[in-house]
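Contents: one structure, followed by commentary.
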Amino acid sequence: MVEKQIKVPKKTKYLAEFIGIILGDGNIYINKEKGVYQIKVTTHSITDREYLIEFVKPLIENLFGLKASISFDKGRNGINLRLASKKLIFYLRSIGLKSGDKINNRVVIPKWIIKNKNLTIACIRGLIDTDGTVFENKRGSKKVNIGFKNNNFKLLKQVRNQLKKLGFHPTKIHINAFFLCRRKEIELFIKRIGFHNNKHLKKCETRL
């Protein structure tokens, strides 16, 4: 079988946001014996369905010129986006991603993104849209907070440090998460970084 050619994208904010999505809910899987080379993004079939189908799928297809498939997990609230391409996997590894377990491999935001503020913002948006949460703090004034949770401590620390460089004041890391709690910084986050996952934006708009 002839391997499909991929469109090699420029290192833009679109590629950086895609990297954030993969670092969040994505996975790069290789099984050489079976000839399987694919990326997979898995999320909640109810709360994140619109985001995956209306934003993530077109983003990936426009970046690489390949068609992605959507499937649902039977008996579970899971929705999956898959794209199989050996050349795509090799390309993603060449720009700083790794296949396999992201936690064990301690995968972080690539240096070429960190060196550029606008690319960093786009990547953080992808991370928060997938592994982030927007919730009402039940204590005190019931303010809306933004949280980021990840079991890869190296990535967790890196994202927190980059937010600090962008002028935010995230809390200290507690176990595997940190939070943005100040009302003005929530408003600043929406203005400077924003969301493409509407479930987060709607929670902010109804509580600010």
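Just so it is clear, none of the values below were taken in a lab; they were calculated from the coordinates. The model shown is predicted, which means the values in this text are computed figures rather than measured ones. In this analysis, Cβ positions are derived from the backbone assuming ideal geometry, glycine residues included, and neighbour counts consider all displayed protein chains.
A few notes on this one:
- For region 47-93, a tally of residues being in a loop (DSSP other than H, G, I, E, B) and within 19 Å of residue 128 (Cβ to Cβ) returns 2.
- When residue 105 is tested against (1) closer than 27 Å to residue 198 by Cβ; (2) of a type outside the set (Lys, Arg); (3) without any contact (Cβ under 8 Å) to a residue 24 or more places away in the chain, exactly one condition is not met: (1).
- Candidates 190, 186, 173, filtered to the one that is of a type in the set (Val, Ile, Thr) and more than 17 Å from residue 125 (Cβ to Cβ): 173
- The residue of region 162-177 that is farthest from residue 119 (Cα to Cα), among those that are aliphatic (A, V, I, L, M) and part of a loop (DSSP other than H, G, I, E, B), is 175.
- Matching residues in region 190-208 - criterion: being part of a helix (DSSP H, G or I) and in contact with a helix residue (DSSP H, G or I) (Cβ under 8 Å, 6 or more places away or on another chain): 190, 192, 198, 199, 200, 201, 204
- Selection status of residue 148, aromatic (Phe, Trp, Tyr), within 22 Å of residue 55 (Cβ to Cβ) and touching a residue at least 12 places away in the same chain (Cβ under 8 Å): yes
- In region 109-151, the residues that are surrounded by fewer than 20 Cβ atoms within 10 Å (Cβ to Cβ), assigned to a loop (DSSP other than H, G, I, E, B) and under 15 Å from the mean Cα position of the chain (by Cα): 110, 151
- Of 184, 172, 157, all but one fail to be under 21 Å from residue 110 (Cβ atoms) and either of a type in the set (D, E, K, R) or surrounded by fewer than 18 Cβ atoms within 10 Å (Cβ to Cβ) (or both); the exception is 157.
- Taking the criterion of being under 12 Å from residue 84 (Cα atoms) and surrounded by fewer than 20 Cβ atoms within 10 Å (Cβ to Cβ), the residues of region 29-45 that qualify are 29, 30, 31, 35, 36, 38, 40.
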